Structure formats: C-alpha cells, structure tokens
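These notes are about the structure you will find just below.
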Amino acid sequence: MNQKNLENKLGEIRHLLSHLHGEVTALEQSYSQILLVLQRVEGVANTDDLTGLLRRRTFFKKWQNLLKECQRLGEDSGVLIIDIDFFKRINDTHGHPTGDEVIKRIALLLKQYESPTCFVSRLGGEEFAIAAHGSDAELLGMAEMIRRRAERLHGPVVGSDGKPLSNIEWKCTVSVGMASTRKSGSEATRLLKTADEALYDAKKKGRNQVSAA
C-alpha cells in the first residue's frame, strides 16, 4: 500500500472514530437524562406530595431493614405514631388550605428528626409515624419534645384566596403513641398496632400527651 492510500485509510479511520465519539457522547447524555427522570419518578413515588415525607410503603420497607439491623446488633428501636388533635375541627373552622398548612408545619417539625436511623412518614391524613433506633427512654424523650414543640406552633389562617388573614391564627397540639421492640417484639405490623393502641390511650386521656405501650 502506497503512502497516499495509507493516508486515505487513516483519514477514513479518523472520520469513523470521530463519528463514533459523537454517537457515544449522545448516548451518554441520553442515559444521564433517562436516569435523572427515573430518579425523579422514584422520588415522587416514594414521598408524599404535600409534605415530602416518606409514603407508607417506602417507610415500612426502610423500617423493616432497620428492625433487622437492630435485631442483628441486639439493640433497641421503636415507633411513634403522631396524630394532630381535633384536625377535623381545624378544617371545618378555618378551611382546607389552613388544614394543609398545619400538616406541612407538623411535617417540617418531624423532618428535623430524620437521620440514617430515624425515618419519618405521613401515614395518611393527619397521622404520621417515626421509626427510630434507640431505647425506650430515648424514644419517649423524642415523643415529648415533639409534643411540646407542636404545642408552640401557630400561624395565620389562610383565606379562600390562598392569602393569610392578618387577624386570625391557628394553633395545634398532637397526641403520640409509642411502642418499642424491648416490650413488643420486632415485628413491624405488631409494633404499629401496639403504638396505635397507645395513641388511642393518649386521646382517651385528653389528648396533647404521650402514651407508651
């Protein structure tokens, strides 16, 4: 092969490599865009629209993993169920926009407790759950702190036009039920049922308090 033919062949190879590089770059960009869309879809599927907290199904999955890990290490954990007191009254008195604002403020309060070993979920409506690693005393301490901080929350009532009314404020309280692996075992469904019974007890005793199973 003479030099001219060799140069022509090399030119064709360079052109082909340049074309392939462009194709690979385009594929990488498309893959990145698809991955980003999938991550967003997964985030929407896993989190509650109003609060940004975990949905019930995702919460249970993470909680069961936490329970297994605590069981393996021989450490305690538990669950809190938090319910906004007289929430229907808030909606009926001030309207659903204000009710949504109260839910968002409680969610923001609970979100501050999130960590690799503490998961927060909106179970539905005005009910939330926290699953956390820790002793009974630590869980009760967290529950009481949440109750006290919720008691101090307040804000302007939102009008039908979505704007705050300057002369009316909402306030709220929460009731909390607690169940721990030390007393109730490490089965997630049983723990949730036990915490729910403790929550009912807190409501029966007058609300705005913490009750432990």
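Just a few scattered comments:
- Value of relative contact order over region 108-213, rounded to a whole percent, pairs C-alpha under 8 Å and six or more apart: 21 percent
- Distance from the alpha carbon centroid of region 164-213 to that of region 76-124 works out to 11 angstrom.
- Karplus (6.51, -1.76, 1.60) ³J(HN,Hα), θ = phi - 60°, over region 123-132, in Hz, Gly and Pro reported as x: 5, x, x, 9, 10, 10, 9, 10, 10, 8
- Proximal lysines relative to Lys193, as straight alpha-carbon distance under 26 Å, when same-chain residues fewer than 8 apart are discounted: Lys61, Lys62, Lys68, Lys88, Lys104, Lys111, Lys183, Lys203, Lys204, Lys205
- Residues whose amide H comes within less than 5 Å of that of Leu123, counting only those at least five positions distant or on another chain, are Phe128, Ala129 (H built at 1.01 Å from N in the peptide plane).
- Within straight-line reach of Lys171, meaning a Cα separation under 20 Å, sit the following aspartates and glutamates at least 8 residues removed in sequence or on another chain: Asp83, Asp85, Asp92, Asp100, Glu101, Glu126, Glu127, Glu144, Glu151.
- Label zone (Ala137, point 7 Å along Cα-to-C-beta; backbone nitrogen cut-off 17 Å) within region 56-77: 75-77.
- When each of the peptides 190-200, 126-136, 170-180 is scored by the mean number of other C-beta atoms lying within 10 Å of its residues, the order from highest to lowest reads 170-180, 126-136, 190-200.
Every number here is computed from the coordinates shown, using simple stated rules; none is lab data. Here the structure is a predicted model, which is why all the values come from computation and not from measurement. No Cβ is skipped: glycine too gets one built from the backbone with ideal geometry, and neighbour counts run over all protein chains shown.
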